[in-house]
Amino acid sequence: MIQARHLKKEYKKKYAVNDLSFTVETGKVTGFLGPNGAGKSTTMRLMLGLDAGTGKTTFDDKPLHSYAQPSKVVGILLEAKAFHPTRTARQHLKILAAAGNIPMGRVEEVLDIVGLKEVGKKGPGKFSLGMSQRLGIAAAILGRPKYLMLDEPANGLDPEGIAWLRDFLKAYADEGNAVFVSSHLLSEMSQMADNVVVIGRGQLIADTSITELLAQNAHAGVLVRSPKLNQLEKLLHAQKVVLSKSAEGLLVSGVSSDVIGKLAFEHGVPIYELAPQTASLEDVFLELTADAGEYKGKSEAAK
């Protein structure tokens with residue numbers, strides 16, 4: 001696994017990253033979330049030793065610089081257009097392959113994987129952002145690394161490209177690798193990620209599985225509709241569960257629909273509906289980071 005421990009980075013007496021610790025497990029996609037300015041890109045650069053700071057990051061209990069061929073350990077995409085604009089896409093990858101002692105045949109494989117084989121002879125200087133992202137992903141997977149660290153790889157991709165990226169990263173993790181990916185596309189992250197690390201103002205807010213994060217949110221629970229809601233409410237209060245009223249009925253947290261149904265049946269309370277409610281990742285993210293955003297706009301009504 002990747003273990004980041006007590007990472008810190010200070011800019012002009014202000015912490016961009018402040019005592020940040022978390023793990024990235026193999027066999028899983030870990031989403032890296034936070035508002036703009038939260039410190040996500042800086043954290044990734046600290047983990048890779050590209051920025052000066054304090055703390056330690058290990059890859060299988062060893063720092064990255066101790067590996068003779070780091071490109072075969074970690075594949076990186078931090079900048080979408082990190083290539084020489086006058087070289088062709090194929091030449092760009094061949095230079096990286098030569099530097100990393102990677103067989104040249106792998107260049108054609110990765111071009112095919114990311115869907116750029118037909119434009120391999122073209123210079124990426126005129127590539128769209130989406131095509132540049134695909135070339136960056138090809139470079140990241142060139143050495144078949146155990147770990148992938150990708151900063152906003154979906155930027156510029158069309159819907160087909162986003163769906164491809166989601167399936168590709170999930171399949172890559174399923175092979176026993178680890179994927180650490182940041183994104184502002186929360187709907188995609190909810191479909192892609194197994195675990196999630198959330199930061200705000202450079203500090204850790206959450207480090208857990210997507211399932212646990214959504215289940216623990218106030219928006220999650222069981223929606224109950226009944227013609228005798230007041231009676232049911234009293235019964236549920238006696239069970240010491242958390243509930244709230246809505247226009248549709250009662251939202252009950254901390255207990256399953258089976259338990260609610262059995263309780264209602266035993267006391268002769270008719271039930272119209274028992275519907276599990278799952279919070280969206282957007283709901284949870286906005287709730288967790290409500291006080292952590294650096295940049296906040298106001299609506300016209302708030303003026």
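Each value in this text was obtained by applying a stated rule to the coordinates, not by laboratory testing. Keep in mind it's a predicted model, so treat the numbers as computed, not measured. Backbone-built Cβ (ideal geometry, glycine too); neighbour counts: all protein chains shown.
Points to keep in mind about this one:
- Angle in degrees between helix 89-99 and the longest Cα principal axis of the chain, rounded to the nearest 10: 80
- Region 125-148 versus region 39-70: alpha-carbon centroid distance in Å: 20
- Shape call, region 221-277: gyration tensor on alpha carbons, a/c limit 1.5: rounded
- Distant-in-sequence amide H partners of GLN203 (H built 1.01 Å from N, under 5 Å): ASN18
- FRET efficiency, 1/(1 + (r/R0)^6) with R0 25 Å, evaluated for LEU50 and LYS14 via beta carbons: 0.80
- Note on ARG87 and TYR67: the model spin-label points, each 7 Å out from Cα along the C-beta direction, lie 2.0 nm apart.
- Scalar couplings 3J(HN,Hα) for region 12-22, obtained by applying the Karplus form with A = 6.51, B = -1.76, C = 1.60 to θ = phi - 60°, are 6, 6, 10, 7, 7, 9, 10, 6, 9, 9, 6 Hz; x denotes Gly and Pro.
- Sorted peptide list for 109-118, 243-252, criterion being average Cβ within 10 angstrom, highest first: 109-118, 243-252
- Spatial separation of Cα centroids for region 203-274 and region 91-118, in angstrom: 53
- 0 to 90° range, to nearest 10: angle between helix 159-174 axis and the chain longest Cα axis: 90
- Residues VAL24, VAL269, VAL259 arranged by fewest to most Cβ contacts within 10 Å: VAL259, VAL269, VAL24
- Proximal lysines relative to LYS234, as straight alpha-carbon distance under 16 Å, when same-chain residues fewer than 8 apart are discounted: LYS245, LYS262
- Residues LYS262 and GLN3, FRET efficiency given R0 of 41 Å [Cβ-Cβ distance, rounded to 0.05]: 0.40
- Fraction of beta bridges assigned by DSSP in the chain that are antiparallel (%, nearest 5): 65
- Helix 129-140 vs. the chain, principal-axis angle (Cα, 0 to 90°, nearest 10): 70
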